[in-house]
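Only the coordinates and a few stated rules stand behind these numbers; no lab work does. Worth saying up front: this structure is predicted, and the values here are computed from it rather than measured. Cβ placement follows ideal geometry from the backbone for every residue including glycine, while neighbour counts extend to all protein chains displayed.
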Amino acid sequence: MRLAFALALVSCTSTAPSSITIEPKTPAAQAPVRGELEPDGAELMKRFGCIACHDADERRVGPRLRSLFGARVALADGRVIIADEDYVVRSIFDPRADVVEGYLGVAMPSFRGAIDDTHAHAIARYIRTLR
């Protein structure tokens with residue numbers, strides 16, 4: 001069964017609602033099944049407007065992404081964490097959970113309900129490639 005969702009996507013080029021169709025996935029189906037293509041994380045970052053605030057190499061509104069994976073990240077609350085796939089996905093869905101030091105006043109929106117788990121993990125895996 002296919003479900004169609006109308007999403008209001010925020011980007012610097014358009015604020016008009018888009019309609020996309022996504023296949024329902026179970027939580028266990030994070031990785032593509034044989035013969036199924038992995039969603040393109042770079043393309044998803046463009047589609048969902050992530051690149052308006054995040055860049056691989058330069059600091060924009062949000063932190064730069066190159067070399068993020070495996071790095072120690074100092075948080076605004078004094079904690080230090082190691083950036084991994086779970087951290088990136090959590091930041092997509094709950095951006096206030098682990099705010100990077102120096103970004104406390106930045107209001108990244110939550111993408112919960114706009115991006116599904118499969119796409120969030122694809123974005124995280126793409127960011128991992130930015131070494």
Starting from the 7 Å offset along Cα-to-Cβ, what nm value, one decimal, do you get for the label separation of Asp57 and Arg90? 3.1
Arrange the following residues from fewest to most other Cβ atoms within 10 Å of their Cβ: Asp40, Asp57. Asp57, Asp40
Projected onto the charge dipole of region 38-128 (unit charges on the beta-carbon of Lys, Arg, Asp and Glu, signs +1, +1, -1, -1), the Cα from Tyr87, Tyr126, Leu104 with the largest positive-side position is that of Leu104
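Subtract the Cα-Cα distance of Arg72 and Val106 from 0.36 nm times their separation in residues, and report this length gain in nm to one decimal.
Details: separation 34, 0.36 × 34 = 12.24 nm, distance 2.02 nm.
Answer, rounded to one decimal: 10.2 nm.
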For a distance above 18 Å, tell me the whole-number percent of Cα pairs in region 38-128 that qualify. 39
Which of Met108, Met45 has the fewest other C-beta atoms within 10 Å, and how do the rest follow up to the most? Met108, Met45
